[in-house]
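Before any comments, here is the structure.
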Amino acid sequence: MPRSVAVEIAAQDVAGVRVALAKGADRVELCAALGLGGLTPSAGLVAAAVEAAAAAGRADYVHVLVRPRGGGFLYDGDEVATTVRDIRFARDSGAAGVVVGALDERGRVDLPAVERFVAAADGISVTFHRALDIVADQRAAIETLIGAGVTRVLTSGGATRSLDGVPALRALAAGAGGRIQIMAGGGVRVEDVPALVAAGVDAVHLSARDTVHGAPSGPGGGSADYDITDPVMVGQAVAAVAAASR
């Protein structure tokens, strides 16, 4: 029987959201600074992305990454409080979901923090991001996240690239039993899609990035290169998932 496998695109600007919409992706993870693994996008970007999705009739489309800084996922009280505020802002701005993660000193899911995040989301979708790939016992962590009310997890199965984590992804999908969605992400290429879909995941996540060279940025402005969402790559990924799901 055919099954539905979603395609999620990590987008860093409104143009990327529009590309994902036009090419048939199921949702976007809206973020900034993918070079740092992704950080919370600006208020203006969240509002504009939600407006673009709503204009296309997709109120369910924008899922906002809420990550207060780069580095590890052990957060102090101020950082957790900031994350909670940003989750509430995303929800109040019309986002369909948020993407979060936090670990404790022993490298396990920080359950008190996650419970605060889910409460702040107040009914919108909650994804636990690839902080999960640092956790030694992913299956136990997923049971914790199910109990906390998390909607889905983004994981490479603990590998650098999700293709190398296929055995773990298969085990996680089987163990989840539909109680939480398993989304494969981490260095995903279009040619990896058939193996990921065959592993039984519920969604495939990729950035579909290309780099372009902009105008000179000047001293202190950083590199003139910047990322765009590649429409060809998004279209190929959507087509590959559709073909592999038949």
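Counting only C-alpha contacts under 8 Å and six or more residues apart, can you give the relative contact order of segment 6-245 as a whole percent? Kindly include the intermediate steps, with their values, before the conclusion.
Numbers: 485 pairs, mean separation 41.5, N = 240.
Across segment 6-245, relative contact order equals 17 percent.
Label segment 23-65 by shape, choosing from rounded, prolate and oblate, from the square roots a ≥ b ≥ c of the eigenvalues of the Cα gyration tensor; if a/c is under 1.5 it is rounded, and otherwise prolate applies when a/b is larger than b/c, oblate when it is not. Oblate is the answer for segment 23-65, as a/c is 1.5 or above yet b/c matches or exceeds a/b.
Along the charge dipole of segment 6-245, which of L196, V126, A20 sits closest to the positive end, that is, farthest toward it, with unit charges on the beta carbon of Lys, Arg, Asp and Glu (+1, +1, -1, -1)? The listed residue farthest towards the positive side: L196.
Calculate, for A244 and E79, the FRET efficiency according to 1/(1 + (r/R0)^6) with r their C-beta to C-beta distance and R0 35 Å; round to the nearest 0.05. Step by step, r from the Cβ atoms, then E = 0.35. Computed 3J(HN,Hα) for segment 172-177, one whole-Hz value per residue from the Karplus formula 6.51 cos²θ - 1.76 cosθ + 1.60 where θ = phi - 60°, is 5, 5, 5, x, 5, x, glycine and proline marked x.
Counted by neighbouring Cβ atoms within 10 Å, the residues D133, D60 run from fewest to most as D60, D133. Between the amide H of V7 and those of D26, R27, V204, distances stay under 5 Å, these residues lying 5 or more places away or on another chain, with hydrogens modeled in the peptide plane.
Here the residues V234, V118, ranked from fewest to most Cβ neighbours within 10 Å of their Cβ, fall in the order V118, V234.
T211 sits among other residues whose Cβ lies under 13 Å from its own Cβ, and their net charge, with Lys and Arg +1 and Asp and Glu -1, is -3. A straight line joining the Cα centroids of segment 18-45 and segment 95-144 runs 20 Å.
Other residues with beta-carbon under 12 Å from the beta-carbon of V114 carry, at +1 per Lys or Arg and -1 per Asp or Glu, a net charge of -1.
Counting charges near D225 (Lys, Arg +1; Asp, Glu -1) among other residues having Cβ under 15 Å from its Cβ returns a value of -3.
When the helices of the chain are scored as -39500 (n - 2.57) per DSSP H run of n ≥ 4 and the total is divided over every residue, the value at 222 nm lands at -11500 deg cm²/dmol. Each peptide in 135-142, 12-19 receives the mean, over its residues, of other Cβ atoms within 10 Å, and ordering these scores from highest gives 12-19, 135-142. Rounded to the nearest whole Hz, the Karplus-based 3J(HN,Hα) values (6.51 cos²θ - 1.76 cosθ + 1.60, θ = phi - 60°) of segment 143-153 follow the sequence 4, 4, 5, 4, x, 7, x, 6, 7, 8, 10, with x at glycine and proline.
Each residue of segment 161-166 is assigned a 3J(HN,Hα), and the resulting list reads 10, 4, 4, 6, x, 4 Hz, derived from the Karplus form 6.51 cos²θ - 1.76 cosθ + 1.60 (θ = phi - 60°), x at Gly and Pro.
Every read-out reported here was derived from the displayed coordinates using simple, explicitly stated rules and does not represent laboratory data. What you see is a predicted model, and the numbers here were worked out from it, not measured in a lab. Positions of Cβ are backbone-derived with ideal geometry, glycine not excepted, and every protein chain shown enters the neighbour counts.
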